[in-house]
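*Asks:* Next up is a structure, given as structure tokens.
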Amino acid sequence: MSTALDAFRYQEEDTPLHHLDPRAKLLIVASLILFLWLWWDLAVVLLALVPLTVLVLVGRLGRPLVGSLRLYALLGLLLVPLNVLLHSALTFPPGQAEVLMTLTPPETPLLGGLAITREALIFSLLVYARLVLMLVATSVFFLTTSLDDLEALLLSLRVPYFFVLTLSLAFRFLPTLGEEATRIREAQVARGLDLETGGRLRRLWRAGIPLLLPLFVSVLRRSVRLGEAMEARATFAYPTRTNTVDLVVRPGDVGVVVATLAFLALAFVFRVIVGPA
Amino acid sequence: MRSKPLLSLRDVHYVYPNGTPAIRGVSLDVLPGQRVALLGENGSGKTTLARLMVGLVRPSKGSVRLGDVDYETLTTHDIAREVGIVFQNPDHQIFLERVWDEVAFGPRNYGLSPAQVEERVGTALHEFDLWEDRYRLPVALSGGERKSVAFASSFALRPRVLLLDEPTKGMDYGRKRRLATMADRLTAEDRTVFFITHDVDFAYASTERAVVLRRGRVLLEGRTRDVLSRSDLADAGLHEATAPLLLATMRERGISPDSALYREVQRRVEAVS
């Protein structure tokens, strides 16, 4: 079963995007996010969709991204109504914007005159679309970059080895943590903890402490053991060390970087000439 | 007359979600009042079979029945009341702040009265030599003690079938003997204890029936003394039990089973097994 997390977990595939230098990939994704972050209109969203679609197709990322649709839907359900209400009240209030629906009569104490305005609705949908596209761009990076490549990338950016190792261990132990959580759940169910009957919230409440506390203790014990095992193998003992992956720039990588920069330059020009949507 | 099985497995198959077959057509009757050893090399399917017996996973094909009732009609919660399990790692279940509460967790889940809970917890704590530690913080105990807390916690539920996954791993001799005594007590009440283990000598000394798995199938099944004396155990990644191996070597070297030396060795190896 695919889950929302699958959209951020490396998927081994033999595609040009997977083989691309992680620095080039980071540049692409960072440029897209920057582009989406700088401006707030429909043209930007539509422009960003073009390279994103190309990346998803080249990297064969359709299937893992489908798993994240539920996450985005949930995000939309939480964010859009809240944004619409806030922007209808503060940024685009009735009188300055076209009212689509009146929620409370003006004479209501405290909350009188609440309405949904057309501009607030469009603006909120755009904010949501931009956020989703930023998340998809991040997904594209993580889906196609192995942990070894990620480590090499961070080291090439002069991030201290201690932080790189800590981050990489956190990623590497995620599946183990999942297995551990399953074992703990089974152990508690075998002692009669009822996680099958009642509503979802009720089950979550019952499961909370019996699942989280052993997981926490287990993670702490594992960390101590891992730390000792690493120290026993001379981790951090010498200032210089060799790496499994050393990044080498290939002609294809240069081409992608040039294309990305060209796209960005064009997008900026387009944005300046056309102006906000 | 043969007793009615507590649990019956019929042509049980289990395939992991990624398509790897783990159990391939196991049929087994679990009779009351037995101490059973479930043995096999790593990855032979022992733990998966145990999870199937507890209802934590359901068969891809075949059936598991508790008495006359098919598991399909039961929730895991219902099954856990009759079939208990203690997993290898005690840290997977310990979460309360006193040993007493940890052992009382299961009985309380089934809504037993305070008096019943007190009686069961007291018995379990005495059985596993934990009475003096009853107010201690379980996570602060030693590995062997935490394992005993996990055993006591399942013992207090009084299941009809109790499965113990690698129960002797990391345990000293004294605790192993206590474990065997606990199994004796349970079987005397017509309950059945499964030891899922690689510890051939413990199985030889403490069980009367052995089931050996290999690649998800039952390779050998029968009286423990017969199964664990077989020289083809190596096919299942196991070695023969030390006691029969030593005695067989003595016989091969011409030492008569009637001789004083033979009887002395037999008495001593069986005493420490």
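*Asks:* Has region B:65-85 got any residue that is more than 14 Å from chain A (Cβ to nearest Cβ), among the β-branched types (Val, Ile, Thr), in contact (Cβ under 8 Å) with a residue 12 or more places away in the chain and part of a strand (DSSP E or B)?
*Replies:* no
Quick grid of which residues meet (1) of a type outside the set (Ser, Thr, Tyr); (2) assigned to a helix (DSSP H, G or I); (3) within 24 Å of B:VAL36 (Cα to Cα); (4) under 12 Å from the mean Cα position of the chain (by Cα):
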residue	(1), (2), (3), (4)
B:ARG136	yes, no, no, no
B:VAL149	yes, yes, yes, no
B:SER153	no, yes, yes, no
B:ARG175	yes, yes, yes, no
B:HIS198	yes, no, yes, yes
B:PHE202	yes, yes, yes, yes
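*Asks:* Hey, A:ARG172 hits all of (1) at pLDDT 85 or above; (2) of a type in the set (D, E, K, R); (3) farther than 24 Å from A:ALA73 by Cβ but one; which does it fall short on?
*Replies:* (1)
*Asks:* Before we move on, is B:VAL36 closer than 15 Å to B:THR192 by Cβ, within 19 Å of the chain's Cα centre (by Cα), more than 14 Å from chain A (Cβ to nearest Cβ) and of a type in the set (A, V, I, L, M)?
*Replies:* yes
*Asks:* Restricting attention to region A:14-41, which residues are among the β-branched types (Val, Ile, Thr) and either touching a Leu at 6+ places or on another chain (Cβ under 7 Å) or closer than 24 Å to A:ARG271 by Cβ (or both)?
*Replies:* Scanning region A:14-41 gives A:ILE28, A:VAL29, A:ILE33.
*Asks:* Next up: (1) more than 9 Å from every other protein chain (Cβ to nearest Cβ); (2) surrounded by 11 or more Cβ atoms within 10 Å (Cβ to Cβ): which one isn't true of A:THR240, the others all being true?
*Replies:* (2)
*Asks:* Separate question: Before we move on, is B:TYR204 surrounded by fewer than 19 Cβ atoms within 10 Å (Cβ to Cβ) and of a type in the set (Phe, Trp, Tyr)?
*Replies:* In short, no.
*Asks:* Okay, next question. Do we find that B:ASP11 is more than 17 Å from the chain's Cα centre (by Cα), in the same structural domain as B:GLU127 (by TED's automatic domain parsing) and assigned to a helix (DSSP H, G or I) in this structure?
*Replies:* The answer is no for B:ASP11.
*Asks:* How many residues are part of a helix (DSSP H, G or I), free of Cβ contacts under 8 Å to residues at least 60 places away in the same chain and either in contact with a strand residue (DSSP E or B) (Cβ under 6 Å, 6 or more places away or on another chain) or loosely packed, with under 13 Cβ neighbours inside 10 Å (or both) if we restrict to region A:156-173?
*Replies:* 4
*Asks:* Go through (1) part of a loop (DSSP other than H, G, I, E, B); (2) surrounded by fewer than 16 Cβ atoms within 10 Å (Cβ to Cβ) for B:ILE94 and report which single condition fails.
*Replies:* Condition (2) is where B:ILE94 drops out.
*Asks:* Return only the number of the condition from (1) without any contact (Cβ under 8 Å) to a residue 24 or more places away in the chain; (2) among the hydrophobic types (A, V, I, L, M, F, W, C); (3) within 11 Å of another protein chain (Cβ to nearest Cβ) that A:LEU215 does not satisfy.
*Replies:* All conditions are met except number (1).
*Asks:* If I filter region A:66-77 for residues that are of a type in the set (A, V, I, L, M) and either closer than 30 Å to A:VAL269 by Cα or touching a Phe, Trp or Tyr at 6+ places or on another chain (Cβ under 7 Å) (or both), do I get at least one hit?
*Replies:* no
*Asks:* Do we have B:THR207 as more than 14 Å from chain A (Cβ to nearest Cβ), β-branched (Val, Ile, Thr) and either out of contact with any helix residue (DSSP H, G or I) (no Cβ under 7 Å at 6 or more places or on another chain) or in contact (Cβ under 8 Å) with a residue 60 or more places away in the chain (or both) here?
*Replies:* Values: more than 14 Å from chain A (Cβ to nearest Cβ): yes; β-branched (Val, Ile, Thr): yes; either out of contact with any helix residue (DSSP H, G or I) (no Cβ under 7 Å at 6 or more places or on another chain) or in contact (Cβ under 8 Å) with a residue 60 or more places away in the chain (or both): yes.
Taking the combined requirement at face value, the residue satisfies it.
*Asks:* Then there is this: Can you pull out every residue in region A:176-212 that is of a type in the set (Val, Ile, Thr) and within 8 Å of chain B (Cβ to nearest Cβ)? Give the derivation first.
*Replies:* Here is the first cut: in region A:176-212, the ones of a type in the set (Val, Ile, Thr) are A:176, A:182, A:184, A:189, A:197, A:209.
Residues satisfying the conditions are A:ILE184, A:VAL189, A:THR197, A:ILE209.
*Asks:* Right, something else. Any residue that is of a type in the set (A, V, I, L, M, F, W, C), assigned to a loop (DSSP other than H, G, I, E, B), more than 25 Å from B:LEU6 (Cβ to Cβ) and touching a residue at least 12 places away in the same chain (Cβ under 8 Å) - is there at least one of those in region B:101-119? First the steps, then the outcome.
*Replies:* Looking only at region B:101-119, we keep the residues that are of a type in the set (A, V, I, L, M, F, W, C), and these are B:103-105, B:112, B:115, B:117.
From what's left, assigned to a loop (DSSP other than H, G, I, E, B): B:112.
Keeping just the survivors that are more than 25 Å from B:LEU6 (Cβ to Cβ) gives none.
Checked region B:101-119: no residue is of a type in the set (A, V, I, L, M, F, W, C), assigned to a loop (DSSP other than H, G, I, E, B), more than 25 Å from B:LEU6 (Cβ to Cβ) and touching a residue at least 12 places away in the same chain (Cβ under 8 Å).
*Asks:* Another question about this same structure. Given the structure, is B:ASP101 within 14 Å of another protein chain (Cβ to nearest Cβ) and surrounded by fewer than 23 Cβ atoms within 10 Å (Cβ to Cβ)? Write out each step before concluding.
*Replies:* Numbers: within 14 Å of another protein chain (Cβ to nearest Cβ): yes; surrounded by fewer than 23 Cβ atoms within 10 Å (Cβ to Cβ): yes.
When the stated conditions are applied, B:ASP101 passes them.
The values are calculated or read from the model by the stated rules, or taken from the named source; none is laboratory data. No experiment lies behind these values; they were computed from the predicted model shown. Reconstructed Cβ throughout: ideal geometry from the backbone, glycine too, with neighbour counts over all protein chains shown.
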